[in-house]
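A.B. asks: Before we start, here is the structure in question, set down as structure tokens.
The values are calculated or read from the model by the stated rules, or taken from the named source; none is laboratory data. Note that the structure is predicted; figures quoted are calculated from it, not measured. FYI the Cβ positions are ideal-geometry reconstructions off the backbone, even for glycines, and counts take in every protein chain you see. Accessible surface areas use protein heavy atoms only, side chains included; no ligands, DNA or RNA. Shrake-Rupley method; radii C 1.70, N 1.55, O 1.52, S 1.80 Å.
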Amino acid sequence: MKVRALDCSSNKKCVCLNINEHLWANCEGLSLVSVPSFNSAVTGINLANNKISNFPTTLPQNVVYLDISRNRIRNVNQRSLEEYNFLRNLSISENSLQAIELGSFQNSSKLVHLDISSNQELTLEVLVNISSDLRNSTSIRVLNFEKLQCTYGVSFIVKRYHLTYLKHTQLEELNLASNRINSLELGVFSELPKSLMHLNLANNVLSFGLYLVEFGNLVNLVSINASFQSSFHQLQLEDFFIGCNDTKPVCTNSSGTKHGELFVNKWLSLPGPKNITISLPSTLQYFYFHDNLYKMTLQDFTFKFISNPMLSHVYMQNNIIYKLNGPIRGIESIFHADFSNNFCSYISPRFFEDFKNLSQLDLSNNALGETLENDIDGDIFQNLRMLTSLNLTRNRIVHLPAKIFRNLIHLENLNLSFNSLSKFTLPLSHMVHLKNLDLSNNQISTMNETTRNMLDAISLKKSVSLNLNGNRLRCNCENLEFVKWVLNSKNVVFLHFDDYMCTLSNSSKIRFSNIELIQLMEKQCSSYTLIIVIMTSLIIVLLTITISRILYRYRWKLRYMYYVAREKYSVQGPNALGEDSFYFDAFVSYADKDRIFVIDLVKRLEVEFNLRLCIHHRDFIPGTGIADNITNAIHHSRKTVCVISSQFLQSYWCMFELNMARMEAIYSRNGENVLLLVALEKDAMKKLPFSFMDLIESKSYIEFPEGGDKDEVTAFRSKLGDTIRPHDNYFRSLSEEIRVDD
């Protein structure tokens with residue numbers, strides 16, 4: 001581009017430039033009240049932001065570009081532009097226009113771009129005059145009619161007659177934004193030229209209407225902007241001085257109901273599901289519906305295209321969309337969708353059914369935490385296999401189920417920042433294309449080994465960016481390996497690493513970038529490890545000693561209780577309890593060396609005193625365990641007689657019988673003395689264990705007269721038999737005699 005300064009105007013303050021062999025005069029912002037004269041070679045003139053009150057009619061006739069915006073012009077008439085037959089770009093925006101006469105643009109056959117925006121006293125009724133003047137124009141491409149209605153007037157309905165004359169033009173861009181348009185009459189879109197590519201209806205008060213079914217008539221439409229509907233407008237001082245020329249009431253039908261309301265009421269009254277089918281041109285690529293104040297739930301919509309759709313970008317952020325129910329049909333071609341900042345708290349598992357080619361999805365600044373936490377089967381995103389970017393920041397997410405992203409095999413960017421995640425353990429092995437993972441500003445304290453290994457595996461072929469800034473990272477002994485991973489990872493790049501802070505075991509904070517972090521942690525952890533090992537060992541030893549001492553001290557009681565319990569739950573029938581459970585008068589315990597003496601003694605006692613005695617070699621049940629036989633014999637005998645000798649004290653089973661009899665006396669016979677000791681040797685009682693000292697002191701034993709005469713032996717046997725014999729032995733003998741006589 002060649003640019004050089006020249007003199008081209010009577011006003012020396014105007015800057016004149018030759019740009020690509022075209023002479024331009026820039027007189028912007030000079031507080032001009034009148035228009036200076038210009039060289040006839042000037043083709044571009046900028047008179048913006050001055051104080052000119054009349055449309056200039058003395059400019060060079062070959063002027064192509066004229067910007068006279070932000071002045072004080074009030075009217076445009078038939079003479080204003082009649083000399084400017086070569087004019088292509090004209091801007092009269094932000095003046096004080098009150099009227100543009102019919103015929104003002106009838107000679108502007110070469111006009112390509114016309115901007116009359118921000119003239120709020122002009123009203124949209126001026127469309128009739130302008131469209132009529134441009135009806136035969138083959139050059140017009142852009143018409144900017146933004147903000148022609150005053151901000152606080154009544155709403156407006158665009159009628160067919162406003163735009164009907166544009167039908168045969170080659171118009172490509174039409175801007176009707178900020179005009180309080182409530183609806184469009186049925187047929188308006190049919191009157192617009194087929195060449196239209198960009199339609200701007202932003203910052204109005206549009207409602208549902210039958211005009212929606214006519215979008216398909218705009219066969220070359222590329223973008224439509226319906227954003228900022230019903231938005232709030234800040235009251236400005238100049239609004240008090242603008243006179244609204246709204247002389248016509250809002251167009252109504254015969255019943256006085258607005259077209260939009262009629263359509264909505266009729267639709268809502270239909271039975272069954274409220275599905276709406278909207279025809280859209282196949283050429284449509286961009287749909288803008290953001291920053292609206294409509295409160296809504298997206299139900300099932302169907303978008304119908306004449307041929308293969310080209311719709312790729314949908315912008316629906318900053319609305320009040322509480323729920324995304326869907327499904328939305330016919331939008332398989334969408335590449336980018338923005339539903340951020342919508343107060344949305346629910347997404348149906350069917351909503352994204354037809355978003356099969358979606359690559360970029362923004363759901364940030366909503367309240368989807370609970371919905372995502374309950375999606376344990378991963379149904380919400382299951383159809384988004386082509387998704388490469390997912391933004392879920394600021395959604396109050398506390399937990400994410402393992403299958404939530406199960407089908408996102410092409411995901412490259414995942415943003416979960418500014419949530420309340422305390423841990424991140426999602427499977428990542430299928431996300432082989434992952435490049436950026438943002439977990440910043442959550443409640444994460446560490447990453448487990450499995451997650452670290454998955455990130456390392458993904459980063460082998462390419463670097464992976466991970467953002468953990470703003471989390472509650474902990475640098476304690478449990479997280480030592482995690483800290484080492486952060487500091488030493490080769491292919492995982494930690495964004496904003498210098499800002500990472502972590503909390504030590506003593507609650508102090510330290511930066512990850514501190515070169516002494518690992519040394520400090522290893523020192524703390526090594527000392528803690530030694531203390532933990534020592535304390536654990538001591539506790540185990542003390543517990544082992546304590547339990548061993550308890551078991552040793554109560555070994556006989558425990559054994560006795562075990563065998564009694566076994567006998568209690570195994571014995572069935574009436575003899576299990578009560579007095580009838582005593583099958584023997586006494587159980588005689590002896591060492592095998594004393595067997596001959598004991599057998600002879602037992603025979604005499606049974607004959608002379610009519611006793612039933614139990615001895616192991618005769619009365620134990622074959623096939624039953626020795627311990628069980630001993631316990632049953634003691635338990636079913638009124639007394640236990642232990643023949644104490646040196647061999648008895650050395651025998652394991654004899655001492656077992658002695659201790660079991662001792663436990664029987666204490667725990668089953670209410671302290672009754674059922675244990676009788678017979679000292680077969682002179683000093684045998686002195687060799688008894690210390691725990692039986694009370695029997696020795698209480699003289700609860702009988703000494704056999706070793707080497708005594710016959711009378712002494714007889715007296716010993718008589719004393720022993722009387723001790724064993726129960727008090728009802730006489731009646732038992734009598735009953736046996738009667739039974740024998742019978």
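A.B. asks: Regarding L658, is this residue touching a strand residue (DSSP E or B) at 6+ places or on another chain (Cβ under 7 Å), touching a residue at least 40 places away in the same chain (Cβ under 8 Å), in a helix (DSSP H, G or I) and of a type outside the set (S, T, N, Q)?
C.D. replies: yes
A.B. asks: Checking the conditions here, which among S417, S429, S459, S440 is over 28 Å from C525 (Cα atoms) and modelled with pLDDT of 95 or more?
C.D. replies: Within the list S417, S429, S459, S440, the selection yields S417.
A.B. asks: Going by what's in this entry, would E353 be described as within 17 Å of I278 (Cα to Cα), open to solvent by 10 Å² or more (accessible area, probe 1.4 Å) and either touching a residue at least 12 places away in the same chain (Cβ under 8 Å) or not in a loop (DSSP other than H, G, I, E, B) (or both)? Give the derivation first.
C.D. replies: On the way: within 17 Å of I278 (Cα to Cα): no; open to solvent by 10 Å² or more (accessible area, probe 1.4 Å): yes; either touching a residue at least 12 places away in the same chain (Cβ under 8 Å) or not in a loop (DSSP other than H, G, I, E, B) (or both): yes.
Answer is no for this residue.
A.B. asks: Search region 328-341 for residues being among the polar types (S, T, N, Q) and modelled with pLDDT of 95 or more, and hand back the single one that is most open to solvent (accessible area, probe 1.4 Å). Full working, then the answer.
C.D. replies: Let us first name the residues in region 328-341 that are among the polar types (S, T, N, Q), namely 333, 340-341.
So of that shortlist, the ones also modelled with pLDDT of 95 or more come out as 340-341.
Numbers: S340: 12, N341: 62 Å².
Checking each candidate, the answer is N341.
A.B. asks: (1) closer than 15 Å to C16 by Cα; (2) of a type outside the set (S, T, N, Q); (3) surrounded by 14 or more Cβ atoms within 10 Å (Cβ to Cβ): which one isn't true of P56, the others all being true?
C.D. replies: Evaluating P56 over (1) closer than 15 Å to C16 by Cα; (2) of a type outside the set (S, T, N, Q); (3) surrounded by 14 or more Cβ atoms within 10 Å (Cβ to Cβ) leaves (1) as the failure.
A.B. asks: Another question about this same structure. Do any strands (runs of 3 or more DSSP E) entirely within region 131-196 hold 2 or more residues that are at pLDDT 95 or above, and if so, which?
C.D. replies: 142-144, 173-175
A.B. asks: Something else now. Quickly run through region 485-502 and pick out the residues that are under 25 Å from the mean Cα position of the chain (by Cα) and hydroxyl-bearing (S, T, Y).
C.D. replies: Listed by number, the list holds a single entry, Y500.
A.B. asks: Pairs needed: first member in region 598-611, under 9 Å from G721 (Cβ atoms); second member anywhere, of a type in the set (K, R) and outside any helix (DSSP H, G or I); C-beta distance under 6 Å; at least 6 residues apart or different chains.
C.D. replies: Going by the 6 Å Cβ cut-off, the qualifying pairs are F609/R725.
A.B. asks: Another question, if that's okay. Mind listing whichever residues of region 667-684 are open to solvent by 10 Å² or more (accessible area, probe 1.4 Å) and in a helix (DSSP H, G or I)?
C.D. replies: Y667 - this is the single residue of region 667-684 that is open to solvent by 10 Å² or more (accessible area, probe 1.4 Å) and in a helix (DSSP H, G or I).
A.B. asks: Being assigned to a loop (DSSP other than H, G, I, E, B) and open to solvent by 10 Å² or more (accessible area, probe 1.4 Å) is the filter here; which residues of region 203-217 pass it?
C.D. replies: Listed by number, the residues that qualify are N203, V205, L206, S207, F208.
A.B. asks: What about L47, is it at pLDDT 95 or above and under 22 Å from F86 (Cβ atoms)?
C.D. replies: yes
A.B. asks: Now, a different point. Go through (1) in contact with an Asp or Glu (Cβ under 9 Å, 6 or more places away or on another chain); (2) among the hydroxyl-bearing types (S, T, Y); (3) at pLDDT below 95 and name the single condition S69 misses.
C.D. replies: Only one criterion is unmet by S69, namely (3).
A.B. asks: Out of the residues in region 80-110 that are open to solvent by less than 10 Å² (accessible area, probe 1.4 Å) and aromatic (F, W, Y), which is farthest from T123 (Cα to Cα)?
C.D. replies: Y84
A.B. asks: Can you confirm whether region 592-603 contains a residue that is open to solvent by 90 Å² or more (accessible area, probe 1.4 Å), over 18 Å from R717 (Cβ atoms) and either of a type in the set (K, R) or not in a helix (DSSP H, G or I) (or both)?
C.D. replies: Going through region 592-603, the residues open to solvent by 90 Å² or more (accessible area, probe 1.4 Å) turn out to be 592-593, 595-596, 603.
From what is left, the residues that are over 18 Å from R717 (Cβ atoms) are 592-593.
Cutting the leftovers down to either of a type in the set (K, R) or not in a helix (DSSP H, G or I) (or both) gives us 593.
Among the residues of region 592-603, at least one is open to solvent by 90 Å² or more (accessible area, probe 1.4 Å), over 18 Å from R717 (Cβ atoms) and either of a type in the set (K, R) or not in a helix (DSSP H, G or I) (or both), which makes the answer yes.
A.B. asks: Modelled with pLDDT of 85 or more and open to solvent by less than 40 Å² (accessible area, probe 1.4 Å) - does that describe any residue in region 563-581?
C.D. replies: no
A.B. asks: Against the condition hydrophobic (A, V, I, L, M, F, W, C) and open to solvent by 10 Å² or more (accessible area, probe 1.4 Å), how does L114 come out, does it pass?
C.D. replies: no
A.B. asks: Follow-up question, since we're still on this one. What is the one condition in (1) under 23 Å from L372 (Cα atoms); (2) over 22 Å from the mean Cα position of the chain (by Cα); (3) open to solvent by 20 Å² or more (accessible area, probe 1.4 Å) that F303 does not satisfy?
C.D. replies: It is condition (1) that F303 fails.
A.B. asks: Could you please give the count of residues in region 356-368 that are open to solvent by less than 30 Å² (accessible area, probe 1.4 Å) and either modelled with pLDDT under 95 or in a loop (DSSP other than H, G, I, E, B) (or both)? Explain how you work it out, then say what you get.
C.D. replies: Filtering region 356-368 down to residues open to solvent by less than 30 Å² (accessible area, probe 1.4 Å) leaves 358-359, 361, 363-364, 366-368.
From what is left, the residues that are either modelled with pLDDT under 95 or in a loop (DSSP other than H, G, I, E, B) (or both) are 358-359, 363-364, 366-368.
Qualifying residue count, region 356-368: 7.
A.B. asks: Specify the residue that is nearest to E672 (Cα to Cα); the eligible residues are those in region 691-717 that are part of a loop (DSSP other than H, G, I, E, B) and at pLDDT 85 or above.
C.D. replies: Taking region 691-717 and keeping what is part of a loop (DSSP other than H, G, I, E, B), we get 698-700, 704-709.
The next check asks that each one be at pLDDT 85 or above; those that pass are 704-705.
Values: F704: 24, P705: 27 Å.
Taking the candidates together, the pick is F704.
A.B. asks: Moving on. Could you tell me whether any residue of region 21-33 is open to solvent by 50 Å² or more (accessible area, probe 1.4 Å), small (G, A, S) and either modelled with pLDDT of 90 or more or in contact with a Lys or Arg (Cβ under 8 Å, 6 or more places away or on another chain) (or both)?
C.D. replies: Within region 21-33, one or more residues are open to solvent by 50 Å² or more (accessible area, probe 1.4 Å), small (G, A, S) and either modelled with pLDDT of 90 or more or in contact with a Lys or Arg (Cβ under 8 Å, 6 or more places away or on another chain) (or both).
A.B. asks: Hey, does region 485-495 have a residue that's aromatic (F, W, Y), surrounded by 15 or more Cβ atoms within 10 Å (Cβ to Cβ) and touching a Ser or Thr at 6+ places or on another chain (Cβ under 7 Å)?
C.D. replies: no
A.B. asks: Determine if region 279-290 includes at least one residue that is at pLDDT 80 or above, touching a helix residue (DSSP H, G or I) at 6+ places or on another chain (Cβ under 6 Å), open to solvent by less than 70 Å² (accessible area, probe 1.4 Å) and part of a strand (DSSP E or B).
C.D. replies: Within region 279-290, one or more residues are at pLDDT 80 or above, touching a helix residue (DSSP H, G or I) at 6+ places or on another chain (Cβ under 6 Å), open to solvent by less than 70 Å² (accessible area, probe 1.4 Å) and part of a strand (DSSP E or B).
A.B. asks: Here's another thing I want to ask about it. Out of the residues in region 395-442 that are hydroxyl-bearing (S, T, Y) and under 19 Å from H496 (Cα atoms), state the one that is nearest to the chain's Cα centre (by Cα).
C.D. replies: Taking region 395-442 as the starting set, the residues that turn out to be hydroxyl-bearing (S, T, Y) are 417, 420, 422, 425, 429, 440.
Imposing the further condition that a residue be under 19 Å from H496 (Cα atoms) reduces the set to 417, 440.
Values: S417: 12, S440: 15 Å.
Top of the filtered list is S417.
A.B. asks: Within region 10-20, how many residues turn out to be modelled with pLDDT of 90 or more, open to solvent by less than 80 Å² (accessible area, probe 1.4 Å), of a type outside the set (A, V, I, L, M) and farther than 10 Å from L47 by Cβ?
C.D. replies: 3
A.B. asks: Kindly indicate the residue of region 58-83 that is more than 18 Å from R141 (Cα to Cα) and of a type in the set (S, T, Y) and also farthest from the chain's Cα centre (by Cα) among those meeting that condition.
C.D. replies: T58
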